[in-house]
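K.L.:
Quick one: structure below, then a few questions.
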Amino acid sequence: MNIISSYSIKGGVGKTALAVNLAYALCESGHRTLLIDLDPQGAAAFYFRMGSAKKLRMQDTDALADGLRSNIRESDFPELDIIPSNLAYRNFDIVLDSMSKSRKRLRKVLEEFKPEYDAIVLDCPPNITLLSENVFRASDAIVVPVIPTVLSQRTLEQLTSFFHDEELPGDILRPFFSMVQKRNRMHRDIMAELPLSYPGFLKTVIPFSVDVEKMGLHRMPLLAYATKSEAALAYRALCNEILGKAVTQP
Ligand SMILES: Nc1ncnc2c1ncn2[C@@H]1O[C@H](COP(=O)(O)OP(=O)(O)OP(=O)(O)O)[C@@H](O)[C@H]1O
Ligand SMILES: [Mg+2]
């Protein structure tokens with residue numbers, strides 16, 4: 001019970017901000033953590049001052065596991081390792097499609113890393129692809145940032161329907177509100193209603209904060225440079241809430 005994915009069909013909702021700060025918060029609370037950047041944009045690794053991964057051979061599961069292993073880098077923080085992404089990841093879907101059991105390959109690859117880490121965090125690209133389906137089948141929890149707007153709400157509904165249609169376990173979906181502006185009436189209204197339809201909705205709310213936006217300048221998790229800020233406290237609370245259900249304590 002230790003693979004946590006930061007995922008949404010929608011772009012720009014706070015997936016990478018979550019992945020980076022969740023990975024850091026997990027380490028702070030004593031979990032040996034591996035953050036894998038699955039998005040060819042490479043933003044998660046950028047926030048840890050890392051370049052892209054070496055090119056991977058991806059012809060079969062063993063080659064993929066070996067390639068990922070050879071790209072594990074130590075971060076500047078104890079017990080936190082990173083696998084940066086690579087532009088070649090844009091071909092993940094084609095490679096997976098050519099394999100048998102193509103929806104369960106990532107799970108098999110990640111099994112290999114489980115003995116060494118207490119938690120694995122996946123930063124996922126937006127969209128819903130064969131790679132996403134692999135993520136769904138590999139994850140113990142899929143944490144979904146939802147900005148309290150109509151379009152974000154709609155993509156959460158699409159994701160839930162997909163899980164239902166594909167007979168995937170809906171209880172691993174853990175949405176939470178991201179970039180919340182409490183003064184915004186629409187945010188308040190959606191926040192009052194939406195969680196009523198989703199039993200797994202996390203209670204912790206991540207506020208909209210310039211401290212989070214500054215991660216690009218500091219190139220480190222918010223928790224490392226604005227450790228007591230409102231948003232940092234919220235990410236820690238979110239981590240604890242996720243741990244309560246998703247991860248076996250070390
Ligand atoms: N709580 C927040 N408050 C203010 N800005 C935020 C917050 N969370 C994220 N941001 C900013 O919003 C932008 C998008 O965030 P992020 O990159 O985490 O989203 P994403 O879902 O990973 O995007 P993509 O789909 O492109 O991967 C970034 O500039 C980030 O700094
Ligand atoms: Mg991202």
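K.L.:
Can you work out which of the residues in segment 48-90 that are assigned to a loop (DSSP other than H, G, I, E, B), under 24 Å from L130 (Cβ atoms) and polar (S, T, N, Q) is farthest from the chain's Cα centre (by Cα)?
P.N.:
For segment 48-90, the residue satisfying everything is Q59.
K.L.:
Read through the list (1) within 16 Å of ligand 2 (Cβ to nearest atom); (2) touching a residue at least 12 places away in the same chain (Cβ under 8 Å); (3) not aliphatic (A, V, I, L, M), then give the number of the only condition that E213 fails.
P.N.:
Every condition holds for E213 apart from (2).
K.L.:
Inspect segment 67-76 for any residue being within 16 Å of ligand 1 (Cβ to nearest atom), out of contact with any Cys (no Cβ under 8 Å at 6 or more places or on another chain) and modelled with pLDDT of 95 or more and give the result as yes or no. Talk me through it step by step, then tell me what you get.
P.N.:
Applying the first criterion (within 16 Å of ligand 1 (Cβ to nearest atom)) to segment 67-76 yields none.
Looking through segment 67-76, none of the residues is within 16 Å of ligand 1 (Cβ to nearest atom), out of contact with any Cys (no Cβ under 8 Å at 6 or more places or on another chain) and modelled with pLDDT of 95 or more.
Rundown of residues vs (1) of a type in the set (S, T, Y); (2) in contact (Cβ under 8 Å) with a residue 40 or more places away in the chain, yes/no style:
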residue	(1), (2)
E74	no, no
P84	no, yes
I94	no, no
K104	no, no
Y117	yes, yes
V121	no, yes
I128	no, yes
E133	no, no
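K.L.:
If we keep just the residues of segment 13-43 that are polar (S, T, N, Q) and open to solvent by 10 Å² or more (accessible area, probe 1.4 Å), which is farthest from L56 (Cα to Cα)? Even if it seems obvious, please write down each step before you answer.
P.N.:
Keep residues of segment 13-43 that are polar (S, T, N, Q), which gives 16, 21, 29, 33, 41.
Next cut, open to solvent by 10 Å² or more (accessible area, probe 1.4 Å) only: 16, 29, 41.
Working: T16: 22, S29: 32, Q41: 16 Å.
Within segment 13-43, the match that is farthest from L56 (Cα to Cα) is S29.
K.L.:
Across segment 15-47, what is the total count of residues that are within 16 Å of ligand 2 (Cβ to nearest atom) and part of a loop (DSSP other than H, G, I, E, B)?
P.N.:
Of the residues in segment 15-47, 5 are within 16 Å of ligand 2 (Cβ to nearest atom) and part of a loop (DSSP other than H, G, I, E, B).
K.L.:
Shifting gears a bit: For segment 150-164, indicate whether the set of residues that are open to solvent by 80 Å² or more (accessible area, probe 1.4 Å) and in contact with a helix residue (DSSP H, G or I) (Cβ under 6 Å, 6 or more places away or on another chain) is non-empty.
P.N.:
Within segment 150-164, not a single residue is open to solvent by 80 Å² or more (accessible area, probe 1.4 Å) and in contact with a helix residue (DSSP H, G or I) (Cβ under 6 Å, 6 or more places away or on another chain).
The values are calculated or read from the model by the stated rules, or taken from the named source; none is laboratory data. Bear in mind that the values here come from a model prediction, so they are computed numbers and not experimental data. Backbone-built Cβ (ideal geometry, glycine too); neighbour counts: all protein chains shown. The accessibility values were calculated without ligands, DNA or RNA, using every heavy atom of the protein model including side chains. Shrake-Rupley method; radii C 1.70, N 1.55, O 1.52, S 1.80 Å.
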